[in-house]
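Inspection log for the structure reproduced underneath, given as structure tokens.
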Amino acid sequence: VLKLGCLISGRGSNLQALIDACAAPDFPAEIALVLSNKADAEGLERAKAAGIATSVVNHKEYADRDSFDAELDRRLRAAGVELVCLAGFMRLLTDGFVEGWRDRMINIHPSLLPALKGLKTHERALEAGARFTGCTVHYVRPEMDEGPIIAQAVVPVLDEDDAASLGARVLAEEHKLYPLAVRLIAEKRLSITGNRITVTGDKNLATPLI
Ligand code: GAR
């Protein structure tokens with residue numbers, strides 16, 4: 001089974017979705033380590049409750065991004081992590097760290113990339129009058145919220161929506177999408193050419209979302 005390292009900063013509901021998926025006997029991945037840059041992240045409690053190893057690397061205790069990222073890297077490698085899953089990790093990572101995990105690090109983002117990179121995506125979808133938004137799982141590249149797109153789910157924007165109601169509708173899709181993307185990687189069903197990903201083998205699993 002593929003060993004995952006999950007990086008979190010807060011609530012950890014996407015982490016929970018991965019924990020739950022990994023608990024199924026036929027799921028081809030397991031979480032080897034949950035790393036947080038915040039000691040009070042709710043996600044750490046979720047990991048502990050599931051008996052998963054946790055670790056805190058407080059970015060405020062490091063002189064610069066390079067030394068913080070070097071410590072993340074050390075801990076991930078010491079735990080035997082093969083795929084890094086960013087799950088609400090709210091720190092920008094250095095180019096060196098990102099390149100060190102090239103094609104072995106993925107992120108979930110609450111918009112249909114390449115639209116609405118960055119923060120406050122649901123507020124901005126509403127301001128822009130978008131009829132649809134959604135979420136994206138993608139391989140991480142040095143530029144923020146860029147990289148080959150693995151899977152996306154589309155969500156309608158309703159007239160009565162505010163950022164909270166829209167965000168909740170997107171989040172429910174995130175929780176399905178992230179485990180799906182991890183499964184496709186663990187089953188070695190993705191090939192990357194530039195920014196484009198093709199899925200090999202039985203596409204039934206992937207067709208509703210990709
Ligand atoms: C999720 O909506 C995730 O897509 C988003 O933060 C939330 C984390 O929630 N990520 C980003 O905005 C990355 N820039 P969670 O801690 O409950 O998984």
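The values are calculated or read from the model by the stated rules, or taken from the named source; none is laboratory data. None of the values given here were measured: they were computed from a predicted structure. Here the Cβ positions follow ideal geometry from the backbone for every residue, glycine too, while neighbour counts run over all protein chains shown. When the accessible area is computed, the model is the full protein with side chains, heavy atoms only, and any ligands, DNA or RNA have been set aside. Shrake-Rupley method; radii C 1.70, N 1.55, O 1.52, S 1.80 Å.
Close amide H pairs (under 5 Å, H built 1.01 Å from N) link Leu2 with Ala29, Glu30, residues at least 5 positions away or on another chain. Backbone phi angles across region 121-128, fed through the Karplus curve with coefficients 6.51, -1.76 and 1.60 (θ = phi - 60°), yield HN-Hα couplings of 5, 6, 4, 6, 5, 5, 4, 7 Hz in residue order; Gly and Pro are listed as x.
Gly118 sits among other residues whose Cβ lies under 10 Å from its own Cβ, and their net charge, with Lys and Arg +1 and Asp and Glu -1, is +2.
At 24 Å minimum axial length over the Cα atoms and a Kyte-Doolittle cut of 0.5, report the qualifying DSSP H helices in the chain, or say none. Long hydrophobic helices here: 163-186.
Distant-in-sequence amide contacts of Gly10, defined by a placed amide H-H separation under 5 Å and a gap of 5 or more residues or a different chain, comprise Gly43. Could you list the GluC sites (Glu not before Pro) in region 153-187 that lie in coil according to DSSP, counting only those with at most 12 other Cβ atoms within 10 Å of their Cβ? When the GluC sites (Glu not before Pro) of region 153-187 are filtered for loop state and at most 12 Cβ neighbours within 10 Å, Glu160 remain.
Remark: region 100-117, residue by residue, has Karplus-estimated 3J(HN,Hα) of x, 10, 4, 6, 10, 9, 10, 9, 10, 10, x, 7, 8, 4, x, 6, 6, 5 Hz, where x stands for each Gly or Pro and the curve is 6.51 cos²θ - 1.76 cosθ + 1.60 at θ = phi - 60°.
Here the sum of -39500 (n - 2.57) over DSSP H runs of 4 or more residues, divided by the residues of the chain, equals -10000 deg cm²/dmol at 222 nm, to the nearest 500. In the full protein context, region 31-77 carries 54 Å² of accessible surface per residue, based on a 1.4 Å probe and ignoring ligands, DNA and RNA. Computed from backbone phi, the HN-Hα couplings of region 150-158 come to 8, 7, 9, 10, 9, 10, x, 9, 9 Hz, rounded to whole numbers (Karplus: 6.51 cos²θ - 1.76 cosθ + 1.60, θ = phi - 60°; Gly and Pro given as x). Counting heavy atoms of the protein chains alone, Lys38 has an accessible area of about 90 Å² for a 1.4 Å probe. Counting only protein heavy atoms and a 1.4 Å probe, region 98-179 has 45 square angstrom of accessible area per residue. Taking amide H atoms as placed 1.01 Å from N in the peptide plane, the amide H of Asp103 lies under 5 Å from those of Val140, each 5 or more residues away in sequence or on another chain. For region 1-116, the fraction of 1.4 Å probe accessible surface lying on carbon and sulfur atoms is 50 percent.
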